[in-house]
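Report on the structure given below.
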Amino acid sequence: MFIIVDFELVIEKRRYFFKVIESRLSSTSLLLSKPEKLKLELANFEIFLKENWPSIFTTLNEYPLNEDEIKTLHTLLKTIENLSKKIGSKLDFFNDFQKYMKDSIEK
């Protein structure tokens with residue numbers, strides 16, 4: 001029974017994490033014409049990712065990504081790639097995160 005609870009908690013934590021990322025990416029795209037606000041949003045987003053991604057990533061050994069999570073990560077990757085094209089070097093810090101996401105999908 002504890003394994004099921006752990007599994008459900010892990011899945012719920014991931015779902016929340018992905019929703020926050022999706023929301024942050026959406027906010028970022030709305031700030032493309034506001035460089036100072038964009039810079040602040042990217043800095044805050046980077047902090048969020050650095051603080052939260054490692055704990056999500058470590059769950060993948062015991063609880064691999066399910067099909068929905070893989071689709072979500074693919075969608076997030078496409079969104080990041082589109083943002084990167086729009087604002088170029090301002091999104092350099094996403095490169096590592098994209099790598100982690102791709103590694104997670106392959107895990």
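Values in this text are rule-based calculations from the coordinates and carry no lab data. These numbers come from a predicted model, not from an experiment. Cβ placement follows ideal geometry from the backbone for every residue including glycine, while neighbour counts extend to all protein chains displayed.
Across every pair of different alpha-carbon atoms, what Kirkwood hydrodynamic radius in Å does the chain reach? Present the calculation step by step, with values, prior to reporting the outcome.
Numbers: mean 1/r = 0.0688 Å⁻¹.
When all Cα pairs of the chain are included, the Kirkwood radius is 14.5 Å.
Using the Cβ-Cβ distance between Thr58 and Lys78 with R0 set to 22 Å, the FRET efficiency works out to roughly 0.30.
Full extension of the chain between Tyr16 and Phe48 yields a length gain of 10.2 nm, computed as 0.36 nm times the residue separation minus the alpha carbon distance.
Remind me, relative contact order of the chain in percent, using alpha carbon pairs under 8 angstrom and six or more residues apart? Write out the running numbers ahead of the final one.
Numbers: 45 pairs, mean separation 34.7, N = 107.
Answer for the chain is 32 percent.
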